[in-house]
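Here the structure comes first, spelled out in structure tokens, and everything after it is commentary.
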Amino acid sequence: MSELHPETRAVHLPQPPIEGSRPITMPIYQTSGFVFDDPEVMADAMGRPDGPFVYGRYTNPTVRSLELAVSGLEGGVAALATGSGMGAINTVLLGLLKPGDHLIAQKALYGGTAAMINELVGRFGIEVSYVPEDDPEALRAAVRPETRLVYLETIANPIAQVADLPGMCAVARELGLVSVVDNTFATPMLCRPLEHGADVVVHSTTKYLSGHTDVVGGIAVFAADELYKKAWHFAIELGASADPFAAWLTLRGIQTLALRMERHCANARLLATRLAEHPAVAAVHWPGLPSHPSYELAAKLLPDFGGVFSFDLVGGRAAGEKFMSSIRLALLAPSLGGVETLVLHPASTSHRALSAEEMARHGIGEGTVRIAVGIEHPEDLWADISQALTE
């Protein structure tokens, strides 16, 4: 390159080969595309997900590392990383459904998912029926000739209902339906839905998988290669691609996932148990409590019960607003799954797009508060919550 002008040399930078060793951690491949010597190889690569890397919208080595990692944790054959959790959900729903299809979803859903399903109904002519997350016979009764997909959440947001994954997925498989499970709240440390018969697992990697409140991302994991390839072809046209740096941060977070989940669950247990006995609290929604409707199912399905739960305050919306304005250590913020404890008011934030009837179907009241428990010392968290309840 010595004969080139400086302006040209500044563009075409050298790339030293790595021989005889390899990096301990996955590097960030911060490039939009990849160079080929053979045009036929390049053309072939653009038509399949398992060929050479070609373009960042298709995939990237750092992104592929994340896909392999999460697919391995969930027990899938392949995964598709996206730019957000809703990117993963929309890639699956839009990629697998068409106008005139019928979707069956559980009644209690994350607000963003519920809003997207409403869009499917209004914009794309897809019909939807809602059934309880723990009633396989209700699912069977709701099936129509045009039914194509069943959508569930391992632990629902925000009331923490637990889905009967073995029962629901068995009915779906028997009737030839694709079952999709959002496993964000449980993570592969508490549940692996593919082992219970699910076809697709989705995560918001923004949450526990990255774990440090510094990433927005999503991923879909597939039990079968055919379904994965169908979703991949749609995804590259949709353009919901994951960013390499976000993928790298998520990989770093995954390495401590098991340790963090132990602390999240332990802290949630202490707080939920004490809140259930507090006079200012009308009800606590954590599946690890015997009072929760999902307790027996959760005890069979999960080794622990997660780090997110909700509680209803005596006094309704005014009490909820007062509580959230009185916390000092916990943070009033959206999202969950980071090392810090976050609280929010679902009726005015995560589920704000739903009608009063829809919120009631989800079990959300005006005084419901959701708490995503972090990894702080539990007594510090309890001191903060206690003073907010009594201030």
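Counting charges near Gly218 (Lys, Arg +1; Asp, Glu -1) among other residues having Cβ under 14 Å from its Cβ returns a value of -3. Taken along the Cα-to-beta-carbon direction at a fixed 7 Å, the label points for Arg48 and His5 span 4.3 nm.
Here Trp382, Trp286 are placed in order of increasing Cβ neighbour count within 10 Å, fewest first, which gives Trp382, Trp286.
Sorting 50-61, 175-186, 308-319 by average packing, meaning the other beta carbons within 10 Å per residue, from highest down gives 175-186, 308-319, 50-61. Students often get this wrong: which residues of the stretch 150-173 have the backbone nitrogen under 12 Å from the point 7 angstrom along Cα-to-C-beta of Lys230? Under cut-off, by backbone N: 150.
Cβ-to-Cβ counts within 10 Å put Arg22, Arg361 in ascending order as Arg22, Arg361, the fewest first. Extension gain for Ser21 to Glu40 (0.36 nm times residue separation, less C-alpha to C-alpha distance): 3.7 nm. For the stretch 39-254, the fraction of alpha-carbon pairs lying more than 32 Å apart is 14 percent, rounded to a whole number. The gain in end-to-end length when the Lys98 to Arg352 segment is fully stretched comes to 88.7 nm, 0.36 nm per residue minus the alpha carbon separation. Compute the distance from the alpha-carbon center of the stretch 78-129 to that of the stretch 301-321, in whole Å. That distance is 26 Å. Secondary-structure-derived ellipticity at 222 nm for the chain, considering helices only, amounts to -12000 deg cm²/dmol, per-run term -39500 (n - 2.57) for DSSP H runs with n ≥ 4. An oblate overall shape is assigned to the stretch 129-249, the ratio a/c of its alpha-carbon gyration tensor axes (a ≥ b ≥ c) being 1.5 or greater and a/b not exceeding b/c. Radius of gyration over Kirkwood radius for the chain, both on Cα atoms: the Rg/Rh ratio is 1.02. Counting every other Cβ atom within 10 Å of each residue's Cβ, Met46, Met324, Met189 order from fewest to most as Met46, Met324, Met189.
Here the ratio of the Cα radius of gyration of the stretch 258-390 to 2.2 N^0.38 Å is 0.99.
Where a number appears in this text, it was derived from the coordinates with a stated rule and is not lab data. All of these numbers come straight from a predicted model, not from anything done at the bench. As a convention, Cβ positions derive from the backbone with ideal geometry for all residues, glycine included, and neighbour counts pool all protein chains shown.
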